[in-house]
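Remarks on the structure that follows.
Where a number appears in this text, it was derived from the coordinates with a stated rule and is not lab data. Nothing here was measured: the structure is a model prediction, and the numbers come from that model. No Cβ is skipped: glycine too gets one built from the backbone with ideal geometry, and neighbour counts run over all protein chains shown.
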Amino acid sequence: MHRIALAAALGVAAATVGCGAATTATHDAVVATHTATFAVEGMSCGSCSITVRAAVDRLDGIASVEVDVDGGAATVTFDGGRVTAEQIARAITSSGYTATVRATGGV
Ligand SMILES: [Cu+2]
């Protein structure tokens, strides 16, 4: 009886540890770095690039934002488990510049 109780207690401990490990693994998988390039229409100066950058930075899961005013483009590195390229394009568009996803890449 005592032996069974001990085994059950160890089982719970093992399950708890296993759960923690699984959570960590899942978390690592979710922190998948994606990079997307967007065509952004309507930018004409540095102030435009700041507006676009701020609109993207407000979103969850954004790692970096690069805006190329002359090229009419933005390159965003983000956590694909927390935000999508489409959501980023919508955020840029609602800041006043029409954005479309040009290319996406995951790691
Ligand atoms: Cu401007």
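Listed values, structure above:
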read-out	value
Some residue of region 79-88 being without any contact (Cβ under 8 Å) to a residue 12 or more places away in the chain and in a loop (DSSP other than H, G, I, E, B)	yes
Close pairs from region 38-52: first part of a helix (DSSP H, G or I), partner among the hydroxyl-bearing types (Ser, Thr, Tyr) and more than 9 Å from the ligand (Cβ to nearest atom), Cβ under 8 Å, at least 6 apart	CYS48/TYR97; THR51/SER95; THR51/TYR97; VAL52/SER95; VAL52/TYR97
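So that you can scan it fast, the table gives a plain yes or no per residue for (1) among the aliphatic types (A, V, I, L, M); (2) within 16 Å of the ligand (Cβ to nearest atom):
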residue	(1), (2)
CYS48	no, yes
THR51	no, yes
GLY61	no, no
VAL67	yes, yes
GLY72	no, yes
PHE78	no, no
ARG82	no, no
GLU86	no, no
